[in-house]
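The values are calculated or read from the model by the stated rules, or taken from the named source; none is laboratory data. All figures in this text were calculated on a predicted structure; none of them were measured in a lab. As a convention, Cβ positions derive from the backbone with ideal geometry for all residues, glycine included, and neighbour counts pool all protein chains shown. Areas reflect the complete protein model, heavy atoms only, side chains present, ligands, DNA and RNA absent. Shrake-Rupley method; radii C 1.70, N 1.55, O 1.52, S 1.80 Å.
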Amino acid sequence: MKRAASILALVLAAQAPAWAQSGGAEGAGEPEGAEGAETKAAEPAEADPEAGAAAEGEASPGPADDGQLDEAAAAKAAAEKAAAEKAAAEKAAAEKKANLERTTKPGAAVQGAPTVDELPAWDAEPTAGPDATKTPGHELTANWDVATAPEAEVAFPWIESHGYFRLRTDLFHNFDLDTYDAEQRRGSSPVLPPLTETDQQGSLHPEDLEHRYGRGADTQAGANIRFRYEPTFHITENLRVRGTFDILDNLVLGSTADGAPRSQFARPDVPISTFSGSARPPEAGVNGWRDSVRVKYLWGEWKTPVGLLMFGRTKSHWGLGLLANNGGCLDCDFGDAVDRIMGVTKLFGTYLALGWDFPAEGATGFSGQQNPYNQPFGQAYDFDQRDDVNQFVIALFQRPLTQLEKETRKRELNELRKPVFDWGVYNVIRTHPFEAHYTSGNLSPPDDRADYSLRDTKAFAYIPDVWLSYEIRPRKNKEYKLQFEGVGIFGVIEELPQRAGSAKVECLDPTVANIDDCDSGDLVRPRRRDLTQWGYALEFDARLDKLRWGFHHGIASGDDTDGFGILDKTPLDSTDPSDQEVTNFKFDRDYIVDLILFREIIGGVTNAAYYKPYIGYDLIMQDTEAWGFQLDVLFAHAMEPKATPGNEAPLGLEFDLELYVHEYDVFKWSLAYGILFPMGAFDLLDTEETRVIAEPGIAQTIQMMIGMMF
């Protein structure tokens, strides 16, 4: 009996770790229960040391029968505990499987359906480092192990949060290019010098009535902040609401003090800015042009088995961002928003997008008086369909959209080392029959809808845009990418609203009394404008380990009418009846190519061709961050010299140097210096344009930015 009991105890003790090991194998990678089973399996000697002694015939203290029963009881308890742990591990595995089915099966039902910034793919593993081709601030990274664990089961609705906070400091030196004439109140640069150089009143002290503040100041400096919050409200697996909210949007630090005479609601105990001790929140019309919180975008998405439906005020972006740019970069200022209903689906391996846009609806409001007392919480409506700007979008393209396509693309580039090619064709058709006009001449909408009137417009435009992209990565940290975007705008404005009341046909020769006697070369149609605009951009970027280099080039068509047509004047000159065409194309303001010439002086790329080689080097390059520098050299000339202030083609030569510390998707610090050598295009001519009265001087800037992304 003693030997039989000892053998039984030995068998039970040996089986306990076997069961525990079995449970650990089934629940590998599972939560705490399975890990505990593996720990038991690794420690059989400590589980029951006395059982081994009994097997070897060694005596144990106390009566022999009691010792044998204790050994058997301990072995039985260990076996029961191991069995319980195995059951817990199996239960955890079943819960994980059920959780995965709940989160992945809805997506599988619409496999291949396109989305914009796809819902998190719970079965996908993130890829880090340079080969992941992450765009800082735009790629979702997550702890997928936690996301797939049973205790992290997704419960709808839930909120996904992204955004950034940034601080920018700027110092602008001589941005008026030394050409501003205080007496004539004009210069060749749209940027005015400091107030001390433009103020013509002086101190107004009676003892010095001729006093002026002009002291040769040419430096302007300041700092601004922005907090951008971009939440996604996941309602179900297939429904979500997305938005972008800018808080203290580009707020100039110190611009909303709580005192000073210029503030409408200045504190009575703060008569001048000297005593200001606090800052007020920005309020449009009170102490600034913008409110503290601005809703930039807000739209819904419905993911269906046949594709994606988007509706609301959405971001608008295409290709490189020449025509439509959502302003998503950390240093961008604007961002294109469009009121849109768009469907996207995939046919024969190619995506098709159809959109109906609402660029402008004209006069809207309520019946009767337009004031807060007339249905203040009711639904406003469009007063007329014929004053609407109608726009329709048709796009065909091939590029990764779904999570599966993105993972496949990463594998092609980073594992198979295959070249990839993407393309897209974007077509916009726009019509505008009438323009709503305020008969009172006020800038704000009238109180009575009877004060609205219509002006003929009869405008039509067709806007084609082509985007191409080629990329290859022969090995890790060696890559080449070439992108191209070309766009054109072709159309007509039959009736220019600003020329309403003018004759349909006029003669430029003032000596001709009868229009029938006018020479054909002098006949014009002052109310008509033909639209012929075009532009393109080419970007080549390369990397070889820590070294980066590339070449960027672009052209935007120009117009022979005086001025660039962005910061200095309107691109449509209604005062010149001989101006029959509008031919100057303008790159989107958030397509940034430099620090000074186009971004600050002109306001964007227009009437110009530019050529920009660059070289950069990452002094420290890791999978998660990079420390380095980049040097850009840009030369630009005008396409239509007659439109420039100096009637010459060369615009200038600019050098931009940037130092940066970049932790991908989390943090960026940069310090940039730019210097512009303006050329003959910025000469200041006399009013007769016969001689140069001022030549442009060198402009410089120092800019620092700190950004935190999430």
* Between GLY202 and residues 5 or more places away or on another chain, which pairs have amide H atoms under 5 Å apart, with H built 1.01 Å from N, and which residues are they? -> TYR213
* Asked: Any idea which of LEU413, LEU401, LEU354 is furthest toward the positive side of the dipole for the stretch 337-414, if Lys and Arg beta-carbons carry +1 and Asp and Glu beta-carbons -1?
  -> LEU413
* Asked: At a probe size of 1.4 Å, how large is the accessible area of GLU210, to the nearest 10 Å²?
  -> 150
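List the GluC sites (Glu not before Pro) within the stretch 447-503 that fall in a DSSP loop (any state other than H, G, I, E or B) and whose Cβ has at most 12 other Cβ atoms within 10 Å. Numbers along the way, then the final one.
Numbers: sites: GLU471, GLU479, GLU485, GLU494, GLU495; in loops: GLU494, GLU495.
For GluC sites (Glu not before Pro) across the stretch 447-503 that sit outside H, G, I, E and B with at most 12 neighbouring Cβ atoms in 10 Å, the list is empty.
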* Write down Rg/Rh for the stretch 174-265, rounded to two decimals, with Rg from the C-alpha atoms and Rh from the Kirkwood relation over Cα pairs. => 1.25
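Return the tail of the calculated pair distribution for the stretch 383-515, meaning the percent of Cα-Cα pairs more than 20 Å apart. Mind dumping the intermediate values first?
On the way: 5983 of 8778 pairs.
Cα-Cα pairs in the stretch 383-515 separated by more than 20 Å: 68 percent.
Tally Lys/Arg at +1 and Asp/Glu at -1 over every other residue whose Cβ is under 13 Å from the Cβ of LEU298; what's the total? All intermediate terms of the calculation are to be shown ahead of the outcome.
Working: positive: ARG240, ARG242, ARG294, LYS296, ARG313, LYS315, ARG340; negative: GLU230, ASP246, GLU301, ASP339.
Neighbour charge sum, excluding LEU298 itself: +3.
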* When the Karplus curve 6.51 cos²θ - 1.76 cosθ + 1.60 is applied with θ = phi - 60°, which whole-Hz ³J(HN,Hα) does each residue of the stretch 635-650 get, with x for Gly and Pro? -> 10, 9, 9, 7, 7, 10, x, 4, 7, 7, x, x, 6, 10, 7, x
* **Shape metrics for the stretch 547-629, restricted to C-alpha atoms - Rg then Dmax, Å** => 18.0, 61
* **Rg to Rh quotient for the stretch 491-627, alpha carbon positions, Kirkwood Rh** => 1.23
* Alpha-carbon spread of the stretch 489-569, three principal axes, descending order, Å -> 74, 24, 24
* To do: Compute the semi-axes of the equivalent ellipsoid of the stretch 314-418, taking the square root of 5 times each eigenvalue of the Cα gyration tensor, and list them largest first in whole Å.
  => 40, 17, 13
* Taking all pairs of distinct Cα atoms, average 1/r, flip it, and tell me the Kirkwood hydrodynamic radius of the stretch 316-369 in Å to one decimal place. => 14.1
* To do: Have a look at GLN379, PHE334, THR345 and report the one farthest towards the positive end of the charge dipole of the stretch 311-426, computed about the Cα centre with Cβ charges (Lys/Arg +1, Asp/Glu -1).
  => THR345
* With a sphere of radius 15 Å drawn around the Cβ of ARG340, what net charge do the other residues whose Cβ falls strictly inside it have (Lys, Arg +1; Asp, Glu -1)? -> -1
* Asked: Hey, quick one: spin label on LEU653, modelled 7 Å out along Cα-Cβ, who in the stretch 671-704 has an amide N within reach, i.e. under 18 Å?
  -> 674-683, 696-701
* Asked: From the cross-link list LYS315/LYS458; LYS303/LYS586; LYS303/LYS418; LYS546/LYS612; LYS406/LYS478; LYS478/LYS612, which pairs have alpha carbons spaced over 24 Å apart?
  -> LYS315/LYS458; LYS303/LYS586; LYS303/LYS418
* Structure fact -> Largest first and rounded to whole Å, the semi-axes √(5λ) derived from the alpha carbon gyration tensor of the stretch 216-316 read 42, 15, 10
* To do: For the stretch 524-551 and the stretch 673-695, compute the distance between their C-alpha centroids and round to whole Å.
  => 25
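Near VAL582, within a Cβ-to-Cβ distance under 12 Å, what is the net charge of the other residues, with Lys and Arg +1 and Asp and Glu -1? Each step should come with its number before you reach the end.
On the way: positive: ARG528, ARG529, LYS586; negative: ASP530, ASP559, ASP560, ASP573, ASP576, ASP579, GLU581.
Neighbourhood net charge equals -4.
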* Rounded to two decimals, what is Rg over Rh for the stretch 642-698 when you use alpha-carbon atoms and the Kirkwood radius? -> 1.30
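Quick one: if the Förster radius is 51 Å, what FRET efficiency do GLU415 and PHE667 give, using the C-beta to C-beta distance and rounding to 0.05?
Values: r = 29 Å, r/R0 = 0.57.
In this case the efficiency is close to 0.95.
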* Structure fact -> Ignoring ligands and nucleic acids, TYR673 exposes an accessible area, probe 1.4 Å, in Å² to the nearest 10, of 90
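Hand me the chymotrypsin sites (Phe, Trp or Tyr not before Pro) from the stretch 202-302 located in a DSSP loop with no more than 12 other Cβ atoms within 10 Å, in residue order please.
Numbers: sites: TYR213, PHE227, TYR229, PHE233, PHE245, PHE265, PHE275, TRP289, TYR297, TRP299, TRP302; in loops: TYR213, PHE265, TRP289.
Sparse-neighbourhood loop chymotrypsin sites (Phe, Trp or Tyr not before Pro): PHE265, TRP289.
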* Computed on alpha carbon atoms, what radius of gyration and Dmax characterise the stretch 296-342, expressed in Å? -> 12.0, 37
